[in-house]
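Okay, structure first, notes after.
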Amino acid sequence: MFSTFIILARDLIDSSDVDSIQPPPCNKDEVSDNEKKIYPTLIENTLNAMIGDINLFLSEEEVDDDSNNDDLSNTDIQQQEQTDQSNELLTQAELDIMIAEPSHRHKNLGVELVLTMMHYGASHLGIKRYFVKIDEKNQSSLRLFKEKLGYVEYAYVACFNQYELEVRCETSRQMIELIERRWKESVKGQVEENATSSRLYDVYNCPLDSS
């Protein structure tokens, strides 16, 4: 399972269209026939403003099972396996972000986008562990996740020359609290400072911007 969001740059959207552009509802069942008719226009008006994307690839966390099944009957083992399968949850996600447009890199956009995506995943999808895989030559991404977002290294895959970094909490609620603290530390002050001026980037209905 995965979630993908397209990144739009406000400064690349025609100023006459900015106020009229609204993203479609997340739930397709909430979309009316009239709303469906405006989507081609929405795509047309924002096509030139697409500068990248950000994605979550959901999966199940591996759980160490130290229990001893020697004394269990075949029926008990089958019942236990059925219970385990019914309790399987997609509680971790690999995060991937790409800013394809060079003119929109190095503007602290990555921090805001990643924290927003993480908040969405934790609050709506129950994610409690995020991880990324970054080539050792990609120093800008390593700095982003290590220094600015607090991810920690947990593996290095030599055959791919790739670092694997993670941030994890015991519960998704704790993850939300962690993300909101980091938002206030690294993003909120900058947002408030520029509140009176036009921002290049808008996070639609961002829950982090309200506190």
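What follows draws every value from the coordinates through simple rules; no lab data is involved. Everything numeric in this text was worked out from a predicted model, so none of it was measured. Methodologically, a virtual Cβ is constructed for each residue, glycine included, from the backbone with ideal geometry; neighbour enumeration extends over all protein chains shown.
Each peptide among 108-119, 50-61 gets the average number of other Cβ atoms lying within 10 Å of its residues, and from highest to lowest they stand as 108-119, 50-61.
A simple count of charges around Glu166, restricted to other residues whose Cβ falls under 9 Å of its Cβ and scoring Lys, Arg +1 and Asp, Glu -1, yields 0.
Potential lengthening of the chain between Ser140 and Tyr154 amounts to 3.2 nm, from the contour at 0.36 nm per residue minus the alpha-carbon distance. Note on Ser3 and Ser59: the model spin-label points, each 7 Å out from Cα along the C-beta direction, lie 1.9 nm apart.
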